[in-house]
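Asks: The structure is given below, and queries will be raised subsequently.
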Amino acid sequence: AYPDLGPVLDEEEEEEEGGPAEVVFVLDRSGSMCGTRIQAAKETLRLCLASLPESSSFNVVSFGSDFRGLFGEEAPDVASLHRGRGREGALGSRRPRSVPFTDASKDAAANFLEGVAADMGGTEVLGPLRAVAA
């Protein structure tokens, strides 16, 4: 059994704070995440995505020696990811931008997670954190 690591996003609280939530998941895909670690991270991310309010926007930024966002200016469109392209987890953007949480974007994230592996080399976290904060 896994502990409940999903975000607790109260929709009433969300309205009080002035609008929908933006959630960016930063996923460590460095070599040190091999084996059960990457599987646990993927399962946790699936649980978190399942608990997002419909009014949210989100993105998944993977990192290792480099980083890329699932959605962004250079990323494939949501519809092509929804159709199953990009399952290898190698597509993405160096300029990540969150997208609305819709059935298509949720399916795109699920397709992406199918191909995620601990295959991105070292552990350089500063670049993705700067990109997320920009």
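The values are calculated or read from the model by the stated rules, or taken from the named source; none is laboratory data. Every value quoted in this text rests on a predicted model; they were computed, and no experiment measured them. We place every Cβ from the backbone using ideal geometry, glycine too, and count neighbours over all the protein chains shown.
Asks: Given the conditions (1) modelled with pLDDT under 95; (2) in contact with a strand residue (DSSP E or B) (Cβ under 6 Å, 6 or more places away or on another chain), report the number of the one that residue 60 does not fulfil.
Replies: Of the numbered conditions (1) modelled with pLDDT under 95; (2) in contact with a strand residue (DSSP E or B) (Cβ under 6 Å, 6 or more places away or on another chain), the odd one out for residue 60 is (1).
Asks: When you go through (1) part of a loop (DSSP other than H, G, I, E, B); (2) surrounded by 14 or more Cβ atoms within 10 Å (Cβ to Cβ); (3) at pLDDT below 95 one by one for residue 131, which number turns out not to apply?
Replies: For residue 131, the failing item is (1).
Asks: Could you grab the pairs with beta carbons closer than 8 Å, sequence gap of 6+ or different chains, first residue in the range 106-126 and surrounded by 15 or more Cβ atoms within 10 Å (Cβ to Cβ), second one among the polar types (S, T, N, Q) and in a helix (DSSP H, G or I)?
Replies: Pairs that qualify, where the first residue is surrounded by 15 or more Cβ atoms within 10 Å (Cβ to Cβ) and the partner is among the polar types (S, T, N, Q) and in a helix (DSSP H, G or I), are 118/32.
Asks: Scanning for something small (Gly, Ala, Ser) and within 9 Å of the chain's Cα centre (by Cα), does the range 30-51 turn up at least one residue? Write out each step before concluding.
Replies: Narrowing the range 30-51 to residues small (Gly, Ala, Ser): 30-32, 35, 40-41, 50-51.
Now drop any that are not within 9 Å of the chain's Cα centre (by Cα), which leaves none.
Within the range 30-51, not a single residue is small (Gly, Ala, Ser) and within 9 Å of the chain's Cα centre (by Cα).
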